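Novice: Please read through the structure below; I'll follow up with questions.
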Amino acid sequence: MAKARLYPTESFNESLRAVFRFFEGLVDPYIPYPQSDAPPRRLWPFLKEYIQPFHGVFAVTAVISIIVASVDVLLIWYVGRLVDFLAMGKPAQVWQDHGAEIAAVGIGILLLRPVLAGLNTALLHNAILPNFGTLIRWRAHAHVLRQPVGWFESDFAGRIANRIMQTPPAAGDVVFQTFDAVAFAFVTLVGAFFVLADADLRLAIPLLIWLGCYAVLVRWTLRRAGPAAKASSDARSAVTGRVVDAYTNIHSVKMFAHHDSELRYAKEAIEAARSTFATEMRVITTMDVVLTVLNGALIVAVTGFALFLWYHGQASVGVVAATTALVLRLNNMTYWVMWAATGLVQALGVVAEGMETIAQPIGLVDKVEAKPLQLTEGRIAIEGLSHHYGREKGGLNAITLTIDPGQKIGLVGRSGAGKSTLVKLMLRFYDAEQGRILIDGQDIAGVSQASLRAQIGMVQQDSSLLHRSVRDNILYGRPDAGEDAMILAARRAEAHDFILDLVDPEGRHGYDAHVGERGVKLSGGQRQRIGLARVILKDAPILLLDEATSALDSEVEAAIQQTLYGVMQGKTVIAIAHRLSTIAAMDRIVVLEDGRIAEIGSHAELLKSDGLYAGFWARQSGGFLGIDEETL
């Protein structure tokens, strides 16, 4: 088959795209790397790990940056040489003697300089900046995802996300300013010294004096701008955290009519951000005024001294022209360099603030010798289990319980009795402070977390859904399941019919409809049924139910209860319920009180014993456990 003909413009565009793809592909931001449970907590060791894949590109970029900066200084030097040529005689004679040299320089400016500048820009803008930021964001997200559930529960999701998003561009700014400003400034200053010294060594004296004063000003600025930038970045993250918290809980804000109080709460953080930013800007303003004075002194000193030397016949017109052009360039460059240096420190401050999240060690890790859980029967043995979340009370206290394979256990107790703690420890969201949990004789602390959770299906009281399609949410239980298996799971969860009627704001229908953040576009019952479908599809041998039908109306609950009984067949089940009717048919019911097992037995046995469970049953109203007023 004949290839499509490319017109000259199309051919040029394709060639240009190929060049861009070449530079963009110099570094793979997703290159495999050894993950660390405890990343470096100091700034430069932290950045060093991310820089490693860029060593070669950085080295080439540094060399090209130095060459480009040197060419610019040489051009200023050549302006002085050209002025001297023009002052030597008639135009025809000048062209005859130096025309070839001038033409060669012109050709170099037209051809070689754009190539070098383009190469330098492509390395910075196409090879480094997109890939460096992507690499940091990818690795930072991978690290944060490995943090345990408790780590996320102690911080704002918005602040975590903000740090993940703002750190990569800040780190990119650090690299950019290092090559584009710091390296360029260094070469320009060194080049300026040699140009002035070549004309007359005395011309370099004002430059050296100015350079000493400039270094003091830079040091003063950076010592103050760094902490100010970090404080400003911290304050901005606090604003983000409070704002996102309000948006995430907008139903509560509206329901309790707390619009004004939320504004006041946000205003505190916004005002703190304004105050810290104002402090940062005071440093910048002071720096700018002092720098203007220093640069004025440099221009007057160097140009004036060059004129003095010319007046006494000790310097040519070309020297005066070159030195004047050079100090004017330094005048402009120093503002740029100071802003770049300040921006560099500000970016480092943002990176340092981001490190407070990104570089935190993983609080719950697999042991080095951890192996996958080998589930054979589904027997669960809980031995002397205690967990108080680092406090003196609350949680669980010395729980010992054996659950035989395929046995269904109901878990009952007042709020705060330890029911949810037991479930979290079963899933190893936390490591137990004392005791252990065994599954088929294997301590769950010694197996990989992923293999443990792969064997457990969990339906929570509040089924939180991903802001994706219904299909994606159900298939989260078993991504490799087919369409038929997914729909069957939805039917068993009494969800298929309402799913077909869903339409999202983008016009997507049925299983393609998106559910909104945390599933807010659905009712509580709809979310719970999709959550049930997800667990049904997973078909794990161990099933944990935490108020699995609490958000359902009685009619749907009755239908799903039958489905759940079917799903439970052949599985080891632990079910938490305040609605005691949902667990009355369990093999055994465990009653927790103050973190301990107070009673255990079948529904009939516990009623006969006339203890806590019998009291709960007697005080039920509409099938609910009427003890919320006694919450601990």
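The values are calculated or read from the model by the stated rules, or taken from the named source; none is laboratory data. What you see is a predicted model, and the numbers here were worked out from it, not measured in a lab. Cβ atoms come from the backbone with ideal geometry, glycine included; neighbour counts cover every protein chain shown. Keep in mind that these areas ignore ligands, DNA and RNA; they rest on the heavy atoms of the full protein, side chains included. Shrake-Rupley method; radii C 1.70, N 1.55, O 1.52, S 1.80 Å.
Novice: Would you confirm, using the coordinates I've provided, whether Gln374 is outside any helix (DSSP H, G or I) and under 29 Å from the mean Cα position of the chain (by Cα)?
Specialist: no
Novice: Output the residues belonging to region 302-314 that are under 59 Å from the mean Cα position of the chain (by Cα) and within 16 Å of Val195 (Cβ to Cβ).
Specialist: Val302, Thr303, Phe305, Ala306
Novice: Could you list all residues from region 403-439 that are within 23 Å of Lys371 (Cα to Cα), open to solvent by 30 Å² or more (accessible area, probe 1.4 Å), of a type outside the set (Asp, Glu) and not in a helix (DSSP H, G or I)?
Specialist: Pro405, Phe429, Tyr430, Ala432, Gln434, Gly435, Arg436
Novice: Kindly indicate the residue of region 454-476 that is more than 17 Å from Ala493 (Cα to Cα) and in contact (Cβ under 8 Å) with a residue 60 or more places away in the chain and also least open to solvent (accessible area, probe 1.4 Å) among those meeting that condition.
Specialist: Looking at the filtered set, the residue picked out is Ile456.
Novice: Starting from region 14-27, take each residue that is touching a residue at least 40 places away in the same chain (Cβ under 8 Å) and open to solvent by less than 60 Å² (accessible area, probe 1.4 Å) and list its partners that are part of a helix (DSSP H, G or I) and among the hydrophobic types (A, V, I, L, M, F, W, C), counting only C-beta distances under 7 angstrom and pairs at least six apart or across chains.
Specialist: Phe23/Ala122; Phe23/Leu123; Phe23/Ala127; Val27/Phe54; Val27/Val57; Val27/Ala127
Novice: Right, something else. Please enumerate the residues belonging to region 474-520 that are closer than 27 Å to Ala540 by Cβ, of a type in the set (D, E, K, R) and assigned to a loop (DSSP other than H, G, I, E, B).
Specialist: Residues satisfying the conditions are Arg478, Asp480, Glu494.
Novice: Can you tell me which residue is modelled with the lowest pLDDT among those in region 459-473 that are in a loop (DSSP other than H, G, I, E, B) and charged (D, E, K, R)?
Specialist: For region 459-473, the residue satisfying everything is Asp462.
Novice: Let me ask something else. Being modelled with pLDDT under 90 and among the small types (Gly, Ala, Ser) narrows it down to one of Gly410, Gly507, Gly446, Gly406, so name that one.
Specialist: After ruling out the rest, the residue left standing is Gly507.
Novice: Go through the residues of region 271-282 one by one and say whether even a single one is part of a helix (DSSP H, G or I), touching a Leu at 6+ places or on another chain (Cβ under 9 Å) and closer than 23 Å to Trp220 by Cα.
Specialist: no
Novice: Among (1) touching a Leu at 6+ places or on another chain (Cβ under 6 Å); (2) open to solvent by 10 Å² or more (accessible area, probe 1.4 Å), where does Leu196 come up short?
Specialist: (2)
Novice: While we're here: Taking Pro29 and the conditions (1) part of a helix (DSSP H, G or I); (2) at pLDDT 85 or above; (3) touching a Lys or Arg at 6+ places or on another chain (Cβ under 9 Å), which numbered condition does it fall short on, given that it satisfies the others?
Specialist: Going through the list (1) part of a helix (DSSP H, G or I); (2) at pLDDT 85 or above; (3) touching a Lys or Arg at 6+ places or on another chain (Cβ under 9 Å), Pro29 breaks only (1).
Novice: With region 539-632 as the region, which helices (runs of 4 or more DSSP H) entirely inside it contain at least 2 residues that are open to solvent by 30 Å² or more (accessible area, probe 1.4 Å) and at pLDDT 85 or above?
Specialist: Counting at least 2 such residues, we get 603-609, 612-618.
Novice: Out of (1) in contact with a helix residue (DSSP H, G or I) (Cβ under 8 Å, 6 or more places away or on another chain); (2) open to solvent by 20 Å² or more (accessible area, probe 1.4 Å); (3) farther than 30 Å from Glu356 by Cα; (4) not hydroxyl-bearing (Ser, Thr, Tyr), the odd one out for Lys90 is which?
Specialist: So the condition that Lys90 fails would be (1).
Novice: Working only within region 28-49, note down all residues that are of a type in the set (S, T, N, Q) and open to solvent by less than 70 Å² (accessible area, probe 1.4 Å).
Specialist: Selection gives Ser36 alone.
Novice: Turning to a different aspect of this structure: When you scan region 145-229 for helices (runs of 4 or more DSSP H) that lie fully inside it, which ones turn up with 2 or more residues that are within 20 Å of Leu294 (Cα to Cα)?
Specialist: Counting at least 2 such residues, we get 183-199.
Novice: Still on this structure: Please verify whether region 440-453 includes one or more residues that are closer than 30 Å to Ala495 by Cα, open to solvent by 40 Å² or more (accessible area, probe 1.4 Å) and under 30 Å from the mean Cα position of the chain (by Cα).
Specialist: Among the residues of region 440-453, at least one is closer than 30 Å to Ala495 by Cα, open to solvent by 40 Å² or more (accessible area, probe 1.4 Å) and under 30 Å from the mean Cα position of the chain (by Cα), which makes the answer yes.
Novice: Let me ask you something else. Could you say whether any residue in region 57-72 is more than 27 Å from Leu129 (Cα to Cα), at pLDDT 85 or above and open to solvent by 40 Å² or more (accessible area, probe 1.4 Å)?
Specialist: Looking for residues that are more than 27 Å from Leu129 (Cα to Cα), at pLDDT 85 or above and open to solvent by 40 Å² or more (accessible area, probe 1.4 Å), one finds none in region 57-72, hence no.
Novice: For the condition open to solvent by 90 Å² or more (accessible area, probe 1.4 Å) and in contact with a helix residue (DSSP H, G or I) (Cβ under 7 Å, 6 or more places away or on another chain), what is the one hit in Trp77, Trp95?
Specialist: When all the criteria are applied, what remains is Trp77.
Novice: Then there is this: In region 353-367, what count of residues is obtained for those that are open to solvent by 30 Å² or more (accessible area, probe 1.4 Å) and either at pLDDT below 85 or touching a helix residue (DSSP H, G or I) at 6+ places or on another chain (Cβ under 9 Å) (or both)?
Specialist: 6
Novice: Within region 40-125, which helices (runs of 4 or more DSSP H) (wholly inside it) include 1 or more residues that are touching a residue at least 40 places away in the same chain (Cβ under 8 Å) and among the basic types (Lys, Arg)?
Specialist: Output list reads 55-88, 113-122.
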